Structure formats: C-alpha cells, structure tokens
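Q: Here it is, the structure, as structure tokens.
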Amino acid sequence: MNKETFSENLLKQSSSDRLEISTQDEHGAFVDVNRNDLGEIISVNYYLEEGDLEKQVFYENGEISKIRYYKDNKVIKLEDYVGGVNISSKKYDKKGNCIYQIKYTYDKYNRIVKISKIIKDREISVKYEYDEIGRIVLRKFYVDLSERFFQEYRYDILNNLVEYIDNNQHIIVENFMDEKLLSYRIINSLSKETSITNNFKNGKYQNTRIVSEEKDYTEVNVNYVDNIMMKKPFAKEEDLDLVISELISHDKGFLCSSSRVNKTQDILDEYIKLRALPISIRKCVLYNLSLKLNV
C-alpha cells in the first residue's frame with residue numbers, strides 16, 4: 001500500500017473529536033492528519049524517518065486540492081488540483097525560484113487534451129485528439145502558440161498501431177509479432193521509401209535488413225525493433241519532454257552547445273529525449289554527442 005492509498009484510507013475513517021491525529025504509515029514514517037471542527041480531513045503531513053517533512057496534501061470537500069513536496073525542509077514542487085485532477089505543477093530550485101511550470105487541460109471525460117510546459121518566458125505545449133474509443137490519434141506540438149510538429153497514429157481493428165505519420169515521414173507496419181516490429185516501410189517527405197526487415201532466430205533478435213533506392217545492407221541495431229515512433233502515445237508530462245528536442249533541435253547549435261552538454265547528466269537527459277526522434281536523426285545526434293564526450 002503506497003502513501004496515496006494510505007491517505008485515501010484515512011479519508012474513509014469516521015470523524016474524530018480530535019482535530020489532530022499522529023500515526024505511522026506502513027513504512028514507519030510519521031503522518032499527521034489535521035481535521036476541522038466537523039472531523040473532516042483538511043490536510044495530511046508526511047514525514048521522512050529522519051523527521052523532515054516530505055510532503056503536505058491538502059483537501060477540500062474530500063478531494064485533493066494541493067500537494068507540496070519538500071527537500072531539506074524547502075518546497076521543491078507544488079501541485080494544484082481541481083475536481084480531483086492535477087491542473088498545474090511547479091518545480092522550484094533550492095533558492096525558491098520557479099524552474100518551470102506544467103499546466104494540464106482536460107476534456108469532459110477527464111482525458112488530458114493539452115499539456116503546457118512554461119520555462120521562463122517560453123511555452124512549449126502538446127495537444128491531443130482522441131478517437132471514439134479513447135485512443136490518441138493526433139498530437140500537435142507548439143512553441144509559443146506556433147505549431148511546429150504533428151504526430152498522427154492509426155490503429156487496426158485489434159487495437160494494434162499500424163501507421164504513424166509526422167512532418168517528416170510516414171511509417172507503415174507490414175508485419176509484427178509479440179509486440180515486436182518484424183517489417184515496416186518508411187516513406188520520407190520526398191516520397192522515397194525504405195524497407196525495414198528485422199530478423200529473429202529462436203525468438204531472439206539477430207539483425208536488420210535496410211533496403212532503399214540507394215542502398216541495401218544489414219546491421220545489428222535493436223532500435224529498428226524497438227522503434228519509439230511506433231509506440232502508442234500517452235498523455236503525461238514525460239511525453240512532452242520526449243519531444244522537446246524535436247521542437248528545438250532545428251535551432252542552430254542547440255544539441256552541440258557546450259552549455260547543454262557540459263555535464264554527464266545533461267548527456268543522459270538528451271539521450272532520453274532523443275528516443276522520440278526518427279532513427280536517422282537519432283544516429284546523427286548521438287554521434288555529435290559522442291564527440292562532445294570524446295567517446
């Protein structure tokens with residue numbers, strides 16, 4: 001049972017004449033439950049084993065309204081909720097300055113239809129469109145309200161993702177098995193086609209054959225099987241981070257700027273974001289990053 005479940009169980013408890021209740025969760029960390037005069041829970045404070053405040057969860061009318069996260073007794077993250085859903089999240093540095101803000105917009109079914117990430121005075125956002133059974137069929141990405149990129153997804157009757165289209169390419173699945181891509185075609189913006197065939201032996205990946213108008217060769221690269229472009233999309237903050245590099249990689253020097261890659265963590269962050277890029281672009285960028293790391 002996690003701490004959120006523990007908190008939900010507290011809400012189900014009968015009212016108490018005590019306005020404050022101290023208890024422990026299943027991990028042994030202390031929890032303070034604060035109630036109003038009617039016995040309704042208005043906030044729950046979670047403490048680490050060391051006694052430091054970990055987070056505070058505030059309630060209104062039995063629903064979460066706000067969550068504050070702490071580190072070294074300083075607020076590092078603040079989440080706001082309306083109707084039980086997260087509408088805003090702010091991340092802070094050690095000095096209390098806001099690093100960035102995330103905003104969420106929902107439809108009448110409580111599905112996320114827009115996520116915006118505001119960094120200083122720049123806003124990067126993604127909008128989602130769903131089909132009649134709740135699958136994401138279109139994502140559009142914006143920088144300061146200007147559309148920069150789109151991703152379209154098409155499914156078959158068995159809910160398998162069989163086509164992917166964006167500004168640069170059209171991917172058509174021809175054969176798959178056990179959620180692994182066996183063969184597919186990539187048609188670029190110039191209508192040139194590349195065929196990808198992944199070969200397996202006893203269920204284990206062996207190699208990939210790549211055939212186009214210019215070349216026909218085989219290489220070992222599991223990325224052609226685990227093609228991130230053919231993964232079903234999801235509406236989360238991490239989804240937006242995955243495509244930020246695609247939105248601003250066209251800015252000259254962004255991926256090769258020393259200010260962006262002067263730390264190992266920066267390199268790891270960039271690599272995670274790169275998984276949203278087409279394979280051809282990903283290889284080029286990884287090569288440039290390797291030059292920066294001298295590997």
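Q: Consider residue 178 against the criteria (1) under 19 Å from residue 156 (Cβ atoms); (2) surrounded by 10 or more Cβ atoms within 10 Å (Cβ to Cβ): it satisfies all of them except one. Which criterion is unmet?
A: With respect to (1) under 19 Å from residue 156 (Cβ atoms); (2) surrounded by 10 or more Cβ atoms within 10 Å (Cβ to Cβ), residue 178 is out only on (2).
Q: Is one or more of the residues making up segment 96-104 within 20 Å of the chain's Cα centre (by Cα), over 22 Å from residue 144 (Cα atoms), surrounded by 14 or more Cβ atoms within 10 Å (Cβ to Cβ) and not small (Gly, Ala, Ser)?
A: no
Q: Now a separate question. Looking at 236, 204 in this structure, which one is modelled with pLDDT of 90 or more, exposed (fewer than 14 other Cβ atoms within 10 Å of the Cβ) and not polar (S, T, N, Q)? Write out each step before concluding.
A: Numbers: 236 fails: modelled with pLDDT of 90 or more.
None of the others qualify; the one that does is 204.
Q: Also, I was wondering about something else. If residue 96 satisfies every condition in (1) at positive phi; (2) assigned to a strand (DSSP E or B) but one, which is the exception?
A: So residue 96 meets the others, but not (2).
Q: Scan 125, 89, 116 and give me the residue that is crowded, with 17+ Cβ neighbours inside 10 Å, without any contact (Cβ under 8 Å) to a residue 40 or more places away in the chain and touching a strand residue (DSSP E or B) at 6+ places or on another chain (Cβ under 6 Å). Spell out the reasoning first.
A: On the way: 125 fails: without any contact (Cβ under 8 Å) to a residue 40 or more places away in the chain; 89 fails: without any contact (Cβ under 8 Å) to a residue 40 or more places away in the chain.
Going through 125, 89, 116 in turn, just one is crowded, with 17+ Cβ neighbours inside 10 Å, without any contact (Cβ under 8 Å) to a residue 40 or more places away in the chain and touching a strand residue (DSSP E or B) at 6+ places or on another chain (Cβ under 6 Å): 116.
Q: Follow-up question, since we're still on this one. Kindly provide the set of residues from segment 35-63 that are among the polar types (S, T, N, Q) and either in contact with a Leu (Cβ under 7 Å, 6 or more places away or on another chain) or farther than 19 Å from residue 80 by Cβ (or both), ordered by number.
A: Filtering segment 35-63 for residues among the polar types (S, T, N, Q) gives 36, 43, 45, 56, 61.
Selection gives 36, 45.
Q: Tell me, please, whether a residue that is more than 29 Å from the chain's Cα centre (by Cα) and either modelled with pLDDT of 95 or more or over 28 Å from residue 97 (Cβ atoms) (or both) can be found in segment 58-81.
A: First pass over segment 58-81, keeping only residues more than 29 Å from the chain's Cα centre (by Cα): 61.
Then keep just the ones that are either modelled with pLDDT of 95 or more or over 28 Å from residue 97 (Cβ atoms) (or both); that gives 61.
Yes.
Q: Shifting gears a bit: For residue 207, indicate whether it is farther than 19 Å from residue 137 by Cβ and assigned to a helix (DSSP H, G or I). Steps first, please.
A: Details: farther than 19 Å from residue 137 by Cβ: yes; assigned to a helix (DSSP H, G or I): no.
The answer is no for residue 207.
Q: Among the residues of segment 36-52, count how many are within 35 Å of the chain's Cα centre (by Cα) and not in a strand (DSSP E or B). Full working, then the answer.
A: We begin by selecting, within segment 36-52, every residue within 35 Å of the chain's Cα centre (by Cα); these are 40-52.
Within this subset, residues satisfying the condition of being not in a strand (DSSP E or B) are 40, 48-52.
Number satisfying all stated conditions: 6.
Q: Now for a separate question. So residue 194 fits all but one of (1) loosely packed, with under 15 Cβ neighbours inside 10 Å; (2) among the β-branched types (Val, Ile, Thr); (3) modelled with pLDDT of 90 or more; what number is the exception?
A: Only one criterion is unmet by residue 194, namely (1).
Q: Does residue 210 fit the bill of being touching a residue at least 12 places away in the same chain (Cβ under 8 Å), aliphatic (A, V, I, L, M) and touching a His at 6+ places or on another chain (Cβ under 8 Å)? Even if it seems obvious, please write down each step before you answer.
A: On the way: touching a residue at least 12 places away in the same chain (Cβ under 8 Å): yes; aliphatic (A, V, I, L, M): yes; touching a His at 6+ places or on another chain (Cβ under 8 Å): no.
No, not satisfied.
Q: Looking only at segment 129-150, which residues are touching a Leu at 6+ places or on another chain (Cβ under 7 Å), touching a residue at least 60 places away in the same chain (Cβ under 8 Å) and not β-branched (Val, Ile, Thr)?
A: Result: 141, 148, 149.
Q: Just to be sure I understand, how many residues within segment 144-164 are of a type in the set (A, V, I, L, M, F, W, C), surrounded by 16 or more Cβ atoms within 10 Å (Cβ to Cβ) and either modelled with pLDDT under 85 or in a loop (DSSP other than H, G, I, E, B) (or both)?
A: First, the residues of segment 144-164 that are of a type in the set (A, V, I, L, M, F, W, C): 145, 149-150, 157-158, 161-162.
Cutting the leftovers down to surrounded by 16 or more Cβ atoms within 10 Å (Cβ to Cβ) gives us 149, 161-162.
Now drop any that are not either modelled with pLDDT under 85 or in a loop (DSSP other than H, G, I, E, B) (or both), which leaves 149.
Qualifying residue count for the region: 1.
The values are calculated or read from the model by the stated rules, or taken from the named source; none is laboratory data. Because the structure is a prediction, the values reported are computed rather than measured. Please note: Cβ atoms are built from the backbone with ideal geometry, for glycine as well, and neighbour counts cover all protein chains shown.
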